[in-house]
Amino acid sequence: MLEFLKKLTRKQITKSERQTQNESTAISLDRHLNLTALVFLNVSNSIGSGIYVLTGMASHLYAGPYVSLSYFMSGIACLLSAFCFAEFASRVKSSSGSSYTFIYHSLGEFCAFLMGWMLFIGSLTSIAATSITWSNYLDASLNHTIKNFTYDILHAHWDLKSPFSNYLDIPGVLITLLFFLISLRGIQLTTLFNNTLAILNITLLIIITIGGLVYGKIDNLKADNYPNGFNGIIKGSSVVMYAYLGFESSTYAIEEAKNPALNVPLSMIISVFMISFAYCGSSLSLSLMQPFDQIDTHASFPNAFKNINFMFVIVSLGPIISLMGSLVSSIFATARIAYTMSKDGLLFKCLSSVNPQTKIPHVSTLFSLLICVLLIVVFDVKDLIGFTDITGFLTYSMVAMGLLVVRYNHETEYSSILNEPNLIESSPDSLDVSNNDDTVNLLQNDLNSNSEYTPRSTETDNTFFRSRSNALILIIFIYLSNIVYFGFLNNFKSIKIYLICLIILSNLICSVILYFFEQIPSSKKLTFKVPFVPFLPILVIILNNYLMMASEAIEWIVFGILITTSKLKFLTLKYCVTSTLLISLNTMAVTLCEPVFTIGELTNPT
């Protein structure tokens with residue numbers, strides 16, 4: 001049993017060993033991205049249609065005229081998560097993959113695979129849904145000319161019910177092909193397009209903010225008939241949090257970033273400030289333009305600025321441009337997830353191939369393109385992105401948990417430690433999983449006979465298990481506390497029982513925190529270190545778990561199906577079960593559930 005657990009928690013080997021055993025990594029990615037490009041990569045991925053759709057819903061239903069406070073609180077939560085990502089980015093500068101890589105280096109292979117697979121499936125679904133959303137916005141702005149042409153002239157429609165698509169979404173397929181082709185041309189062209197779209201997105205939100213300040217009325221901020229109070233602001237914060245997802249996109253570009261140990265952490269912190277400023281300003285603008293109870297939840301900004309011609313054009317173009325930027329950055333990130341997982345032996349080996357001319361992972365990009373086009377043509381995936389916010393919140397929690405592990409675990413050396421060689425030193429139980437045969441052979445060998453895998457001291461093993469056990473116990477207590485808290489909100493009759501449970505769980509959480517202080521933290525010098533450990537990572541876990549609990553039941557059902565199939569994929573990995581089949585099973589299982597996206601009809605613009 002102990003050996004099995006060690007296999008699940010094994011971590012990556014040195015970069016040089018992986019290159020020796022996997023010829024496809026002989027060609028490395030091109031380090032082309034500077035700080036500006038990394039910031040705009042984060043901005044593009046975050047600023048999608050969320051700000052244009054979620055603001056009206058959050059204001060009208062929950063936060064009222066204080067929706068800008070909801071965005072501010074979500075921005076604080078994202079900033080704390082960005083700190084955790086920033087420290088990992090300063091520790092690991094030789095491998096892309098974002099949270100997948102960070103979890104692999106801290107919590108082990110099993111947890112990393114689950115999160116990496118969820119991120120990969122979620123990214124593919126998100127790209128398809130974004131393309132369909134963009135197509136619907138474009139078609140709506142042209143008075144549904146494209147859809148009518150498809151139906152009446154091309155007759156490219158069929159009588160199928162959900163979850164299958166009932167007509168050929170030509171613009172959605174074309175925009176997907178276009179941006180995938182741009183990505184295949186190289187990192188320079190991708191960066192140029194992404195930077196341009198990011199600047200346009202920020203500029204449009206600034207214009208919207210100024211327009212609201214100029215044409216709005218301060219009286220609309222009065223909340224004489226606002227019924228929800230502070231709880232409404234909190235609920236609104238959980239709704240608009242989706243608009244922030246993607247601020248960590250620069251961590252997918254670690255292998256392509258210049259001075260990643262410094263630029264990647266800095267880019268995330270700068271991005272969160274920029275995005276928060278744009279979101280708070282534009283949401284305040286909407287509150288100034290209309291009373292919260294008169295805001296249209298489906299077309300909030302166009303309806304608010306309908307009497308101002310040039311502003312109406314700007315807010316109508318905003319979602320189209322923002323979705324294009326989101327597509328570029330999402331395609332970039334998805335290909336890097338597949339590329340990194342392939343290097344670690346958890347996806348097809350060919351997906352880690354790098355084009356010698358363009359220096360990009362072209363096979364993983366084409367593989368992602370194929371699946372996305374199939375999703376757009378075959379399935380009606382516009383309502384399938386509800387589970388992605390749960391995946392995002394869980395990812396942020398796992399990264400914070402991983403930070404607690406590495407801070408109190410002395411066994412792992414990282415490549416970005418100052419004045420250290422550019423290697424990721426293996427842990428005593430590290431195995432190279434880049435090749436299935438090699439993995440089997442290594443499992444059969446006595447690791448203790450290899451000096452490179454020999455523990456340096458018994459204290460290393462103790463910190464290895466203690467740090468992970470403490471983090472696991474802590475996150476379980478936090479989950480239970482959030483469940484009890486939500487039960488308390490929904491059932492005031494049992495207030496005494498819930499208070500007693502909360503007190504007990506709070507004491508247990510405090511006990512685990514105090515136990516962390518008895519351990520000696522890692523003293524490694526890094527370019528960026530999270531302050532106030534363990535309090536700040538614990539706060540990140542609490543906030544993200546709270547937001548997860550606010551999700552609807554159907555989203556949890558879809559998430560549970562994906563987690564289950566991910567575990568099956570991992571357990572059958574060494575038995576040559578194809579990833580393509582499992583991707584199809586994932587997609588079919590999620591699609592047949594027909595989940596409803598709880599925080600906005602992103603694909604029904606008016």
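Of all residues in the range 176-192, which are closer than 13 Å to V373 by Cα, buried (at least 22 other Cβ atoms within 10 Å of the Cβ) and either out of contact with any helix residue (DSSP H, G or I) (no Cβ under 7 Å at 6 or more places or on another chain) or among the β-branched types (V, I, T) (or both)?
Within the range 176-192, just T176 meets the criteria.
Would you confirm whether or not the range 168-187 contains a residue that is modelled with pLDDT under 80 and under 30 Å from L568 (Cβ atoms)?
Within the range 168-187, not a single residue is modelled with pLDDT under 80 and under 30 Å from L568 (Cβ atoms).
Given the residues V272, V214, which is the only one that is within 25 Å of Y52 (Cβ to Cβ), without any contact (Cβ under 8 Å) to a residue 24 or more places away in the chain and aliphatic (A, V, I, L, M)? Walk me through how you get there before you give the answer.
Numbers: V272 fails: without any contact (Cβ under 8 Å) to a residue 24 or more places away in the chain.
None of the others qualify; the one that does is V214.
List the residue pairs whose Cβ atoms are under 8 Å apart, where the first residue sits in the range 219-237 and is under 12 Å from V67 (Cα atoms), the second is in a loop (DSSP other than H, G, I, E, B), and the two are 6 or more positions apart or on different chains.
Short answer, once both residue conditions are applied: G232/Y226; K235/N228; K235/A550.
For L323, state whether it is surrounded by fewer than 21 Cβ atoms within 10 Å (Cβ to Cβ), in a helix (DSSP H, G or I) and modelled with pLDDT under 95.
On the way: surrounded by fewer than 21 Cβ atoms within 10 Å (Cβ to Cβ): no; in a helix (DSSP H, G or I): yes; modelled with pLDDT under 95: yes.
No: the conditions fail for L323.
Taking the range 245-269, which residues are in contact (Cβ under 8 Å) with a residue 60 or more places away in the chain, surrounded by fewer than 20 Cβ atoms within 10 Å (Cβ to Cβ) and outside any helix (DSSP H, G or I)?
K258, the sole residue that qualifies.
Out of curiosity, is L114 out of contact with any Leu (no Cβ under 8 Å at 6 or more places or on another chain) and closer than 29 Å to A198 by Cα?
no
Which of (1) part of a helix (DSSP H, G or I); (2) over 14 Å from the mean Cα position of the chain (by Cα) is the odd one out, the single condition T391 does not satisfy?
Single failed check for T391: (2).
Every residue, every condition in (1) within 24 Å of L119 (Cα to Cα); (2) surrounded by 24 or more Cβ atoms within 10 Å (Cβ to Cβ); (3) of a type in the set (F, W, Y), yes or no:
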| site | (1), (2), (3) |
| --- | --- |
| N303 | no, no, no |
| I308 | no, no, no |
| G318 | no, yes, no |
| I331 | yes, yes, no |
| A338 | yes, yes, no |
| S342 | yes, yes, no |
| L347 | yes, yes, no |
| C350 | yes, no, no |
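Name every residue in the range 363-380 that is aliphatic (A, V, I, L, M) and out of contact with any Cys (no Cβ under 8 Å at 6 or more places or on another chain), in order of residue number. Steps first, answer last, please.
The initial filter retains those residues of the range 363-380 that are aliphatic (A, V, I, L, M), namely 363, 366, 369-371, 373-378.
Passing the criteria: L366, L369, L370, I371, V373, L374, L375, I376, V377, V378.
Return the only residue of T209, T191, T176, T196 being out of contact with any strand residue (DSSP E or B) (no Cβ under 6 Å at 6 or more places or on another chain), free of Cβ contacts under 8 Å to residues at least 24 places away in the same chain and not aromatic (F, W, Y).
After applying the criteria, what remains is T196.
Do the conditions hold for F247, that is, is it over 25 Å from R31 (Cα atoms) and either more than 30 Å from the chain's Cα centre (by Cα) or of a type outside the set (S, T, Y) (or both)?
Working: over 25 Å from R31 (Cα atoms): no; either more than 30 Å from the chain's Cα centre (by Cα) or of a type outside the set (S, T, Y) (or both): yes.
Taking the combined requirement at face value, the residue does not satisfy it.
The values are calculated or read from the model by the stated rules, or taken from the named source; none is laboratory data. Owing to the predicted nature of the structure, the values given are computational and were not obtained by experimental measurement. Here the Cβ is made from the backbone with ideal geometry for all residues, glycine too, and neighbour counts use every protein chain on show.
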